[in-house]
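Reviewing the structure listed below.
Readers should treat all values here as calculations from the given coordinates under stated rules, not as data from a laboratory. From a predicted model like this one, the values you see are computed outputs, not experimental measurements. Ideal geometry is used to build each Cβ from the backbone, glycine not excepted, and the neighbour counts take in all protein chains shown.
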Amino acid sequence: MKIAMIGTGYVGLVSGVCFSDFGHEVVCVDKNPTKIEMLERGEVPIYEPGLDALMERNVAAGRLSFTGDLAKAVEGADAVFIAVGTPTRRGDGHADLTYVYAAAEEVAHCLKDYAVVVTKSTVPVGTNREVARIVSEARPDLEFDVASNPEFLREGAAIDDFMRPDRVVVGVTSDRAKELMGEVYRPLFLRDFPIVYTDLESAEMIKYAANAFLATKITFINEIAALCERVGADVKSVSKGMGLDNRIGNKFLHAGPGYGGSCFPKDTSALARIGQDYSVPQELTETVIRVNESIKRRMIDKVKEMCGDSFNGKTVAVLGVTFKPNTDDMRDSPSLTIVPAMVGGGAKVRVVDPQGRREGEGLLPGVEWLEDAYEAASGADALVILTEWNEFRALDLGRVAASMAAPRMADLRNIYTAQDAEAAGFETYVAIGR
């Protein structure tokens, strides 16, 4: 089959590369000529483990190509995937569908034969119906179908998520579209991965409901962590005890400085707005959004208290600023709230992150970027762990403590223990929920 993938952002590029590895002919198209030139040189504009090798293999096999020419990309395509951005619209929290609708209209003008126009972007309920209307209005003569195929990719594990998914969700309105989408995902069907066929509206809702639920689990355990600190409980033991209940599960029950990233903040906000628009307030989701922001502010207070209730004149080493490890994504990362508060309070902040500098330099002005955790800690008054990169999990804590002006650690990911820190010579160790 031939597939056109519109948009070479995170979702579009990962999906396009993986579809080509299924054996399909895939053309990825983007309006950004710089990005297309990078991809044609074999350079991956995002950080995702294993993506560069997979892309190189499929380009070499002739199954994967890149272009800035939309008409060329959709020519002869069986399925055209729209995977453009749907950022939160400023001022009202809605998903901005400008790029989705523009892509739909352009596709309509370029298609010559039947194809399924598939929305891969995360979009509110009703969007796919509007995409169908736009295409029909632009090309009354065109035979086509619209499908909703939301993505469920975790940054840092996206290839595995695509190749071995918990499920594939496909919203369709015709048997012809269902059959074609079945061919698109045939390699997964043959390996018995679940494919859920449903209507357009349900497919759209599944994505938002799933992400809101996961964001709720994270926020719940972060609130429990705050209570654990007051009553003398250990949130790691609490999480383990909860997670062993099969009805709950242990995933997304790790306390930390709040959720961030490209999905949870944007999707919870959009779901809350959808509820308001339909006069069915999503009060739980609205509370999750509010509490998540308060958790980030609580982290600032914890670190500030550790520093003697003032950041002024302090040197702080920060380990990790991306919203999670194994990604370069800084979108809505807790670091974007916590680090500026330190800088604004008069601290000299040194930052180490294996992949965060490219985006972080523009988002975190006033910090010093270093490549080595030991160098950052040397002479510092405090060490703050914000992202649990593997290379921060096995530091020589004795060496770190001995090099610091004041051996104090705020471990906001609970990757060490108070016993580890004390044995290494830290005078103060602050964790989450312990």
Ranked packing of 284-291, 240-247, 30-37, 407-414, most packed first, by mean Cβ within 10 Å:
407-414, 284-291, 30-37, 240-247
Between ARG393 and ASP69, what's the calculated FRET efficiency when r is the beta-carbon distance and R0 is 45 Å? Round to 0.05.
0.45
Gain in span if fully extended, GLU427 to VAL280, counting 0.36 nm per residue against the direct Cα distance:
47.8 nm
Using the charge dipole of the chain (Lys, Arg: +1 at Cβ; Asp, Glu: -1 at Cβ; taken about the Cα centre), state which of VAL321, MET205, TYR416 has its Cα farthest towards the positive end.
TYR416
Cubic angstrom per residue, convex hull over Cα atoms of the range 2-198
118 Å³
For the range 101-118, Karplus-derived ³J(HN,Hα) couplings (6.51, -1.76, 1.60; θ = phi - 60°; whole Hz; x for glycine and proline) come out as 5, 5, 5, 4, 5, 5, 4, 4, 6, 8, 5, 10, 10, 4, 7, 9, 8, 10
Rounded to whole Å, give me the distance from the Cα center of the range 1-39 to that of the range 374-434.
42 Å
Can you flag which of LYS266/LYS302; LYS31/LYS72; LYS31/LYS266; LYS251/LYS324; LYS120/LYS266; LYS207/LYS296 are past 18 Å Cα-Cα?
LYS266/LYS302; LYS31/LYS266; LYS207/LYS296
Computed from these coordinates, which is volume of the Cα convex hull per residue in Å³: (1) 171; (2) 135; (3) 151?
(3)
In Å and on Cα atoms, what radius of gyration and Dmax does the range 147-268 show?
17.8, 60
What is the percent of Cα-Cα separations in the range 63-168 that go past 15 Å?
66 percent
Which one of LEU153, VAL116, VAL352 has its Cα pushed farthest toward the positive end of the charge dipole of the chain, where Lys and Arg give +1 and Asp and Glu give -1 at the Cβ?
VAL352
Just the number, please: percent antiparallel of the DSSP beta bridges in the chain, rounded to the nearest 5.
5 percent
About the Cα centre, and with charges only on the beta carbon of Lys, Arg (+1) and Asp, Glu (-1), how big is the dipole of the range 10-126? Nearest 20 debye, please.
180 debye
Once phi is turned into θ = phi - 60°, what whole-Hz ³J(HN,Hα) does the Karplus curve with 6.51, -1.76 and 1.60 give for every residue of the range 406-421, x standing for Gly and Pro?
9, x, 10, 10, 10, 9, 7, 10, 6, 8, 10, 10, 4, 5, 4, 5
I'd like the FRET efficiency for GLU183 and TYR374, computed as 1/(1 + (r/R0)^6) with the beta carbon distance as r and R0 of 56 Å, rounded to 0.05.
0.55
The range 168-238-the range 43-95 distance, computed between alpha-carbon centres (Å)
22 Å
Hey, what do the phi angles of the range 156-168 turn into as Karplus ³J(HN,Hα) couplings, whole Hz, using 6.51/-1.76/1.60 and θ = phi - 60°, x for Gly and Pro?
x, 9, 5, 5, 5, 5, 6, 7, 9, x, 5, 6, 10
